[in-house]
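The values are calculated or read from the model by the stated rules, or taken from the named source; none is laboratory data. Everything quoted here is computed from the prediction, not taken from an experiment. Cβ atoms come from the backbone with ideal geometry, glycine included; neighbour counts cover every protein chain shown. Ligands, DNA and RNA are stripped out before the accessible areas are found, and what is left, the full protein with its side chains, is counted by its heavy atoms. Shrake-Rupley method; radii C 1.70, N 1.55, O 1.52, S 1.80 Å.
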Amino acid sequence: MRTGIATVCLSGTLKEKMQACAIAGFDGIEIFEQDLVTSPVTPEDVRKMAADLGLTLDLYQPFRDFDSVSEDLLTANLRRAEAKFKLMARLGMDTILVCSNVATASIDSDDLRAEQLGRLAALAGDYGVKVAYEALAWGKYVNDYEHAHRLVEAVDHPSLGTCLDSFHILSRNWDTAPIEAFSPEKIFFVQVADAPKLSMDVLSWSRHYRVFPGEGQFELAKFMGHIVRAGYSGPVSLEIFNDVFRQSDVERTAVDGMRSLIWLEEQSAKWLEANAPALAAAGAGAVGTVTAARRRYPMELATLPQVAEPAGYNFAEVKAADTKGLETVLGQLGFEFNGRHRTKDVQLWTMGHARLIVNEGSSASGDNLAGTTADASPAIAGLGFDVDSPVIASARAQQLKAPAVPRKSQANEEVFQGFAAPDSTEIFLCQGSPDGTAAWTSEFGEAASEFGEGREVSPAGGTAVIDHVNLAQPWQHFDEAVLFYTSALALAPQPFAEVPSPTGLVRSQVMVTGDRSVRLVLNLAPLTQQDGSGAGQRKTYQEHIAFAVDDLVTTARDCKARGLEFLEIPANYYEDLDARFGLAPDFLATLQELNLLYDRDADGEFLHFYTATVGSVFFEMVERRGNYDGYGAPNAPVRHAVQYDLLHRP
Ligand SMILES: O=C(O)c1ccc(O)c(O)c1
Ligand SMILES: [Mg+2]
C-alpha cells in the first residue's frame, strides 16, 4: 500500500512538515495549498526538496467552489484553475483535488455540473493534470460520494476522476459497499480519516475532530476493503484536520500517523480475509480461497506479526530513588517483600499473584525513560504483560514504530522484550505460567539472604491480582496512546467517558482484552500537573495501580490495622450513596468507617478504596461482586476532588 499524508495534518512550516513525513517513512504527501502559499520556498525548490527526501508529491489541494455556478463565475473559476495547473507543472504534480461546491453554488442541475466539470477536465487534460472530484459531506448540492461518481461517469473524461475521503462518506453513514463497483481508473485518490462519533454539525466535526485511523470509531478496514476490491492501487493518504495535531510536535505526530496507516493496512487485509467472497463454484479448490482472493487485488497489503490479546498483567514497575514511602505503603497494603534482584537494583513485592517491582532508579538496571530526569519520588515506570510469544509481540510493536527498550541482563536471567509507550511507560512482554506465577521471580531474594526466599503470600485468605492500571496521558498524546495500545498490544478501546473533576472534565478511556484479564485505563492528565510532554520527561501527574481481592472489607480492616493512610472520603458521599442505593445501615456504616466506595449495576457490585499518593503513584484495592465490569465511574469525581483538595491544601 502506498502511504501518504496531507501537510494540513501537521504543525510547522512546509519544510518541517516534509522532513517529518520523510523521517516517519511516508511514500508521498498531499500539499495543502495554504502551506505552499505561506512558504518562502519556491515551487521548484519544493519539488527538489521532495525528491531529495524521497517523497512523491501526490495531491495538490484543495480547489474550492468550482461547480454549479453561473457562466460568469465559471469563466473566473476556469481562469483560477488554469493558474493552479501551471503552478502544479512547476511543482511536478499531476493531481488536484476539487471539492464539491459549498459556497457559491447557485444552480442545482446535474446536467450543468457535468458540463462544467467536463470543461474543467478538458482544460486539465491540456496541462496533463488529473482532477479528483470530492463530495464534501456538507457540499451544497453534491455531498454524497456516489453522486460525485455519477457526475464523473457522465463526464467520462480521462482527466476527471473521484477522490474518496472516508470522513465525508462515513460521517454521513453512507454505505461503502457500492465503491466496489467503481472502475479503478475513475478513483483518482483515497484519503483516510477516523473520527469519534460526535453529534455536531458535520463541518465542525470534520475541521476539528478528525483523528488518525484507529483513534476513532469509523469502520475504516471495511471502507478500505471495498476500495481494494474495486481495484484501486494508488496512495492511501491521511487527511486529518485536528486542532491538537496541528500544534503538537511535528515528527511525533507524523510517526503516530504512519503507525495508523501500518495498522490500517493490516486491518484491511484482515477484513478482506474475513470477508472473502465465496467462490461461485465452492468445493474444489475452496481451501485456497482466502489467499487467492487477496492476491487478486492490485493493491498489495502488508501484514504484521500477529499477536493475541495479552493474557494478563505479569507485573507493574514503580520507580523511585527514594523508596521508603513506597515500601511503607506496600507493607501496609499487605504486600510481602520478596527480596532484591541478584544483579539489579530492584525489589520484588508480591500479594497473591499481584507482583510489583520497585526500581530503585540507579543505573545498574538500565534507566527507565520515565525516570531519566533523576526524580526521587515514585512514579509508574513499566508494565509487564503476559503474551504468547514475547518475541513476536515485540517484533510487531517495533514494526509499529514503538521504540525498543534495551534491558541489560546477566546469563541465566529472563530477558524481557520491551518497548516504550507514547507516555514513556515501558511495556514489557513476558511469558507467565498457567498457574499465575512467574519464573523470573526466582531471580530475587537469593543474593540478599537476609530477606529470605522469594514467595507469594495472599491477603486475608484470598487471592490478589492486578485488576487494572490507570495511566495519565498528556492531552496532546491521548489519541496516540489509544492507537498505540490498540495496535501494538491488541487492547480494545471502549467508548470513552468524561469525569468531572476540579481540574476539568477528565477524559477516561478504558482499553481491555475480551476476557478482561487486562484492563488499562487512560485518563487525561490535568494540565496543571503536566510539566513535560515528551519521552523521557518526568511524570508529575497522578497514576495508579488497582489490585483485586476477594474480601475488601477484611482487607481494608487489615490495612487499617497496619496503619495505612486511606484517601478520606467526605460524609456527603455516603449520604448520597444511601439516597441512591438504600443500603443496609450496618453496611453503609462499614463503608464510611473504612473509606470504601461503592457502586452497583445490573451485573453486580463494586467496592473499592484508594491510598494516599506517594510521589505520583497511589494504589486502589477493589472487590468485584457478581459480573460487575466497570470501575466505579460514579465515584471517580469524589476521588478526583479529594486528591485535588490534598494537593492544594496549604
Ligand atoms: O474542510 C475542508 O474544506 C476540506 C478540504 C479538502 C478536503 O479534502 C476535505 O476533506 C475537506
Ligand atoms: Mg478530503
Residue count, the range 195-211 (criterion: within 13 Å of ligand 2 (Cβ to nearest atom) and either open to solvent by less than 20 Å² (accessible area, probe 1.4 Å) or over 23 Å from residue 140 (Cβ atoms) (or both)): 3
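Quickly run through the range 155-169 and pick out the residues that are outside any strand (DSSP E or B) and within 12 Å of ligand 2 (Cβ to nearest atom).
Of the range 155-169, the ones outside any strand (DSSP E or B) are 155-159, 166-169.
Listed by number, the residues that qualify are 166, 167, 168, 169.
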The range 121-131 - residue that is surrounded by fewer than 19 Cβ atoms within 10 Å (Cβ to Cβ) and assigned to a helix (DSSP H, G or I) and, of those, nearest to ligand 1 (Cβ to nearest atom): 123
Condition broken by residue 176, with the remaining ones in (1) crowded, with 22+ Cβ neighbours inside 10 Å; (2) touching a Ser or Thr at 6+ places or on another chain (Cβ under 9 Å); (3) over 16 Å from residue 235 (Cβ atoms) satisfied: (1)
Qualifying residue in the range 103-116 (condition: of a type in the set (Asp, Glu) and within 16 Å of ligand 2 (Cβ to nearest atom)): no
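Hey, can you tell me all the residues within the range 503-522 that are part of a loop (DSSP other than H, G, I, E, B) and buried (at least 16 other Cβ atoms within 10 Å of the Cβ)? Spell out the reasoning first.
First pass over the range 503-522, keeping only residues part of a loop (DSSP other than H, G, I, E, B): 503, 513-518.
Answer for the range 503-522, where residues must be part of a loop (DSSP other than H, G, I, E, B) and buried (at least 16 other Cβ atoms within 10 Å of the Cβ): 503, 513, 517, 518.
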Filtered residues of the range 179-194 (kept if open to solvent by 10 Å² or more (accessible area, probe 1.4 Å) and away from ligand 1 (no atom under 16 Å from the Cβ)): 180, 181, 182, 183, 184, 185, 186
Number of the condition not met by residue 56 [criteria: (1) of a type in the set (S, T, N, Q); (2) more than 21 Å from residue 29 (Cα to Cα); (3) away from ligand 1 (no atom under 16 Å from the Cβ)]: (2)
Qualifying residue in the range 25-36 (condition: under 18 Å from residue 242 (Cβ atoms), part of a helix (DSSP H, G or I), open to solvent by less than 30 Å² (accessible area, probe 1.4 Å) and within 16 Å of ligand 1 (Cβ to nearest atom)): yes
Of all residues in the range 260-279 being open to solvent by 40 Å² or more (accessible area, probe 1.4 Å) and not in a helix (DSSP H, G or I), the one that is modelled with the lowest pLDDT: 279
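State all residues of the range 579-603 that are charged (D, E, K, R) and either over 40 Å from the mean Cα position of the chain (by Cα) or open to solvent by 60 Å² or more (accessible area, probe 1.4 Å) (or both); if no residue qualifies, say none. Spell out how you get there, then give the answer.
Kept after step one, since they are charged (D, E, K, R), are these residues of the range 579-603: 580, 586, 593, 599-601, 603.
Residues satisfying the conditions are 580, 586, 593, 600, 601, 603.
Just to be sure before I move on: is residue 215 open to solvent by less than 40 Å² (accessible area, probe 1.4 Å), among the acidic types (Asp, Glu) and touching a strand residue (DSSP E or B) at 6+ places or on another chain (Cβ under 6 Å) in the structure I sent?
On the way: open to solvent by less than 40 Å² (accessible area, probe 1.4 Å): yes; among the acidic types (Asp, Glu): yes; touching a strand residue (DSSP E or B) at 6+ places or on another chain (Cβ under 6 Å): yes.
In short, yes.
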Subset of the range 44-62 that is open to solvent by less than 10 Å² (accessible area, probe 1.4 Å) and part of a strand (DSSP E or B) - its residue that is nearest to ligand 2 (Cβ to nearest atom): 61
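Quick check on residue 67: is it within 16 Å of ligand 1 (Cβ to nearest atom), charged (D, E, K, R), surrounded by 19 or more Cβ atoms within 10 Å (Cβ to Cβ) and in contact (Cβ under 8 Å) with a residue 60 or more places away in the chain? Break it down stepwise before answering.
Details: within 16 Å of ligand 1 (Cβ to nearest atom): yes; charged (D, E, K, R): yes; surrounded by 19 or more Cβ atoms within 10 Å (Cβ to Cβ): yes; in contact (Cβ under 8 Å) with a residue 60 or more places away in the chain: yes.
Considered against the rule, which asks whether it is within 16 Å of ligand 1 (Cβ to nearest atom), charged (D, E, K, R), surrounded by 19 or more Cβ atoms within 10 Å (Cβ to Cβ) and in contact (Cβ under 8 Å) with a residue 60 or more places away in the chain, residue 67 comes out as yes.
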Near pairs, Cβ below 6 angstrom, 6+ apart or cross-chain, from the range 95-109 (within 11 Å of ligand 1 (Cβ to nearest atom)) to any residue that is among the small types (Gly, Ala, Ser) and assigned to a strand (DSSP E or B): 97/132
Scan of the range 1-16 for residues that are more than 15 Å from residue 235 (Cα to Cα) and within 16 Å of ligand 2 (Cβ to nearest atom), ordered by number: 8, 9, 10
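Per-residue answers, yes or no, for (1) in contact with an Asp or Glu (Cβ under 7 Å, 6 or more places away or on another chain); (2) open to solvent by less than 50 Å² (accessible area, probe 1.4 Å):
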position	(1), (2)
82	no, no
102	yes, no
113	yes, yes
119	no, no
133	no, yes
136	no, yes
139	no, yes
144	no, yes
149	no, yes
Residues located in the range 151-170, provided they are more than 10 Å from ligand 1 (Cβ to nearest atom) and either open to solvent by 10 Å² or more (accessible area, probe 1.4 Å) or among the polar types (S, T, N, Q) (or both): 153, 154, 155, 156, 157, 158, 159, 162, 170
Count of residues meeting criterion [over 30 Å from residue 490 (Cβ atoms), open to solvent by less than 20 Å² (accessible area, probe 1.4 Å) and in a loop (DSSP other than H, G, I, E, B)] in the range 324-349: 1
Of all residues in the range 176-194 being over 14 Å from residue 149 (Cα atoms) and not small (Gly, Ala, Ser), the one that is farthest from ligand 2 (Cβ to nearest atom): 194
